[in-house]
Amino acid sequence: MTTAREIMHTGAACVQESETLEDAARRMTELDVGALPICGPDDRLHGIITDRDIVVKCLAKGKDPKTMHAGQLAQGKPITIDAEADADQVLRAMEEHRIRRLPVIDGHRLVGMISEADLAHRLPEDKVGHFVEVVCASR
């Protein structure tokens, strides 16, 4: 059985709620990622910010990424998966919520992220194909 821990990309770096969107964008560039978890002062996951969020919710609305903070984009309770969840649970969560990135939690700590690329590298082609059909192709 393949678990979320085996699928995930380890070492997910957080952007703090208090950091600016400019800081978040710079970190995304440095890490070559399109999304970052948003963590609070308690080091717990409060949301996820994507490069698209920065463009659509900040720049396109005439807001300043040098003054807008990541925490302003953390909306609702983030969807997560336990590190020991099996691959079917991972896919089901991502498909049900139509998300392309899934934070992996061990206890209350963020231990990694699962992206489409992680699924493609670590799961059978038929399962990845179904995921793409459900989440990506139907938009």
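The local environment of His108, defined by Cβ-Cβ distances under 12 Å, has a net charge of -2 under the rule Lys, Arg +1 and Asp, Glu -1.
Using the empirical formula 2.2 N^0.38 Å as the baseline, the Cα radius of gyration of the chain reaches a ratio of 1.05. Calculated accessible area for the range 19-139 comes out at 56 Å² per residue, all protein chains present (probe 1.4 Å; ligands, DNA, RNA ignored). Note on His121 and Val56: their simple-model spin labels are 2.6 nm apart, each label 7 Å out from Cα toward Cβ. In terms of packing, defined here as the mean over residues of other Cβ atoms within 10 angstrom, the peptides 107-115, 58-66 line up highest first as 107-115, 58-66.
Centre-to-centre separation between the Cα atoms of the range 1-31 and those of the range 55-103: 11 Å. Protein heavy-atom surface of the chain, 1.4 angstrom probe: 48% of the accessible area is carbon and sulfur, with nucleic acids and ligands not counted.
I'd like the FRET efficiency for Val128 and Lys77, computed as 1/(1 + (r/R0)^6) with the beta carbon distance as r and R0 of 30 Å, rounded to 0.05. Write out the running numbers ahead of the final one.
Numbers: r = 27 Å, r/R0 = 0.90.
Taking R0 as 30 Å, the efficiency between Val128 and Lys77 is 0.65.
Here the simple spin-label model places points 7 Å from the Cα toward Cβ, and for Cys136 and Thr2 these points are separated by 1.5 nm.
Length gain on complete extension for the stretch Glu84 to Arg109, per 0.36 nm per residue less the alpha carbon to alpha carbon distance? Don't skip to the end; give the middle numbers.
Values: separation 25, 0.36 × 25 = 9.00 nm, distance 1.32 nm.
Value of the extension gain: 7.7 nm.
The values are calculated or read from the model by the stated rules, or taken from the named source; none is laboratory data. All figures in this text were calculated on a predicted structure; none of them were measured in a lab. Note that each Cβ is placed from the backbone with ideal geometry, even for glycine, and that neighbours are counted across all protein chains shown. Heads up: the accessible areas ignore ligands, DNA and RNA and are worked out on the full protein's heavy atoms, side chains in. Shrake-Rupley method; radii C 1.70, N 1.55, O 1.52, S 1.80 Å.
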